[in-house]
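Report on the structure given below.
The values are calculated or read from the model by the stated rules, or taken from the named source; none is laboratory data. It should be emphasised that the depicted structure is a prediction, and the values quoted were computed from it without experimental measurement. Don't worry about glycine lacking a Cβ; one is built from the backbone with ideal geometry, like all the others, and counts go over all protein chains shown. All accessible areas refer to the heavy atoms of the entire protein, side chains included, with ligands and DNA or RNA removed. Shrake-Rupley method; radii C 1.70, N 1.55, O 1.52, S 1.80 Å.
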Amino acid sequence: MVEKTMSTHTFDDTCEPKRGILDRLRFWSNRPRSIPKYDPEIHGSLVESDVPDGYTEIERYWVDEPYAYVSIVEKGSVQSYRLVEPVLSMFDKEILERVHDDLQSTLSLSDISCDLDREPILMGKVVDLIDQYRIPLDDCSRYKILYYLKRNLLGYGRINGIMHDPYLEDISCDGYDVSIYLYHMKYLNIRTNIFYNEEKLNAFVISLCQRSGKHISIGEPLVDATLPNGSRLQATLGKAITTRGSSFNIRKFRSDPITPIDLIEFNTSSLGMIAYFWLAMENGFSAIFAGGTASGKTSMLNAVSLFIPPLSKVVSIEDTRELMLHHDNWIAGVTRESITETGTGSVSMFDLLRSALRQRPEYILVGEVRGKEALTLFQALSTGHTTYSTMHAGDVQTVVNRLENDPINVPRVMLQALDILCIQKQVFVDGKKVRRTESLVEFMGIDPRSGEIKINELYRWDPINDEFTDYGNSDVIQRIMKKRGWKKKELQEEMNTRERILEYLHRKGMRDYVTISLVMNLYSINPDIIVDAIENKTLEDIVQQNM
């Protein structure tokens with residue numbers, strides 16, 4: 001295991017600075033009032049590249065070049081995650097402390113206005129302060145000081161580097177004096193060289209919650225919130241409900257969202273499944289995405305939501321913001337806890353859903369159904385509203401059981417209003433954890449003789465070959481054919497065309513959400529444009545022209 005001596009350096013870990021040193025250096029000659037652009041050939045490396053004794057480095061990659069990189073090390077078959085940042089000399093630490101203190105008096109409210117880019121303002125103030133000290137500070141030290149001030153004042157402090165790591169899904173701090181653990185896409189659960197003492201951890205948890213627009217205290221020590229970058233935060237304060245001290249868990253939000261093409265690339269779903277969702281969602285058929293924790297339910301819903309027609313009115317409802325749609329005509333609703341001790345002022349998912357039904361939405365998305373809002377959701381389904389949601393359940397029967405029993409209690413007769421159920425799983429393939437759509441089924445009403453819900457399974461994942469079995473005979477597709485007045489041949493041509501478009505986008509690596517949204521929009525307006533572009537291999541040009 002990585003020892004605590006590997007902790008990253010930060011100005012708040014240092015002892016009280018010796019002010020006299022700075023005072024004695026004030027008479028030294030002034031430096032230029034600007035700092036040159038960093039050049040590794042001129043200024044050298046800002047971070048040390050050594051590996052701790054007894055460890056073997058497996059992999060290294062930058063997360064904030066040239067200031068911070070990640071080193072994956074191994075000792076005795078146990079892998080550890082090291083965040084390596086610039087090391088400050090005692091002299092640099094003293095200057096860092098002084099600048100940090102002086103910034104509190106020099107920064108004004110106008111400087112930190114939300115309408116302004118705070119980073120250049122902060123950096124300008126820092127350079128001015130350092131120049132006013134008239135001390136002999138080399139450029140390399142300036143870069144390091146600027147980095148730590150930016151990291152602590154604008155970023156996330158000690159975990160700022162790992163917040164920039166694109167390979168992380170989950171950041172977990174279980175208490176003070178305990179190493180932070182991560183869930184890494186490649187190395188799975190792994191321990192870091194970062195930890196907090198009790199005082200620093202309490203202050204950081206309070207800061208995280210404030211940054212999310214929430215309040216946490218000993219009286220209300222539990223908070224669920226969304227960070228400004230979209231990541232999901234769950235935090236506790238003190239030892240009242242977590243005996244090892246304050247804790248926080250951050251489920252990272254992808255700045256580059258998963259798209260339907262990614263689902264094909266990762267083999268989360270097959271090409272036929274994605275084409276099916278495209279046609280079904282475009283024609284207003286409702287679905288629930290179910291699965292266990294971290295099985296990809298919300299990612300799946302986010303990805304296929306790109307198939308919702310571009311001008312449709314969409315309303316989403318969530319406890320904690322996770323859904324990210326790319327539609328202009330979208331109202332994003334989030335619940336609110338009570339603002340008084342008497343419970344007044346709270347807005348529940350049930351309240352938001354009831355309000356949404358008055359807004360004449362064409363599509364309603366509910367982050368996750370757990371309680372009485374599910375009954376309202378199925379009432380909306382029964383009255384013709386297209387809805388999509390997620391819920392925790394591992395298979396079809398568990399979904400039905402949860403819906404029919406406490407605390408949800410949806411009558412069985414209302415369950416037949418649901419069209420599609422998608423079961424997501426987190427599984428192992430070749431020793432790696434991956435997500436797969438285990439089963440895709442359709443609800444076909446209630447058997448009048450047995451009273452049981454009739455299920456039509458369309459696709460099932462084969463764990464042996466890591467492939468998807470297509471059982472065909474979709475009731476939803478047949479209903480779409482009647483709704484659109486297509487003949488069977490026309491329907492098959494339409495499915496083939498959509499599969500060709502998806503396959504072309506996959507083959508060409510055109511997977512970003514902007515491109516996918518544009519192609520979906522153009523296809524909904526004039527399908528011939530997209531079909532001709534694929535045949536003539538000019539789709540890339542059309543996308544560029546319409547950006």
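Observations
- For the chain, with all protein chains in place and a probe radius of 1.4 Å, 49% of the accessible heavy-atom surface sits on carbon or sulfur.
- Ordered by solvent-accessible area of protein heavy atoms (1.4 Å probe), largest first, the residues ARG435, ARG158 come out as ARG435, ARG158.
- In Å², nearest 10: area of SER348 left accessible to a 1.4 Å probe: 40 Å²
- Computed 3J(HN,Hα) for segment 232-242, one whole-Hz value per residue from the Karplus formula 6.51 cos²θ - 1.76 cosθ + 1.60 where θ = phi - 60°, is 8, 10, 10, 9, 10, 10, x, 10, 5, 10, 10, glycine and proline marked x.
- Across LYS313/LYS372; LYS297/LYS482; LYS144/LYS297; LYS297/LYS487; LYS482/LYS508, pairs whose alpha-carbon gap is larger than 32 Å: LYS144/LYS297; LYS297/LYS487; LYS482/LYS508
- Using only side-chain charges placed at the Cβ, +1 for Lys and Arg and -1 for Asp and Glu, the dipole size of segment 112-238 relative to its Cα centre rounds to 160 debye.
- Taken per residue, the accessible surface of the chain reaches 48 Å², heavy atoms only and a 1.4 Å probe.
- Projecting the Cα atoms of LEU325, VAL314, PHE350 onto the charge dipole of segment 303-415 (Cβ charges, centred on the Cα centre) puts VAL314 farthest toward the positive pole.
- With a 1.4 Å probe rolled over the protein heavy atoms of all chains, the accessible area of TYR513, TYR55 falls in the order TYR513, TYR55, largest first.
- Among [x] 0.97; [y] 0.94; [z] 1.02, the entry derived from the coordinates for Rg/Rh (Cα atoms, Kirkwood Rh): [z]
- Cα centre as origin, Lys/Arg/Asp/Glu Cβ charges: the chain dipole, Debye: 880 debye
- Per residue, the chain reaches -10500 deg cm²/dmol at 222 nm when only DSSP H runs of four or more residues are counted, each adding -39500 (n - 2.57).
- 3J(HN,Hα) along segment 304-310: 6, 5, 5, 7, 5, x, x Hz, from the Karplus curve 6.51 cos²θ - 1.76 cosθ + 1.60 with θ = phi - 60°, whole Hz, x for Gly and Pro.
- Whole-Hz couplings from phi, Karplus 6.51/-1.76/1.60, listed for segment 134-142; x for Gly and Pro: 6, 10, x, 10, 6, 4, 4, 5, 4
- Rolling a 1.4 Å probe over the protein chains gives MET324 an accessible area of about 60 Å².
- For ASP532, the accessible surface of its heavy atoms amounts to roughly 80 Å² (probe 1.4 Å, protein chains only, rounded to the nearest 10).
- Taking packing as the residue-averaged number of other Cβ atoms within 10 angstrom, the listed peptides 447-457, 93-103 run from highest to lowest as 93-103, 447-457.
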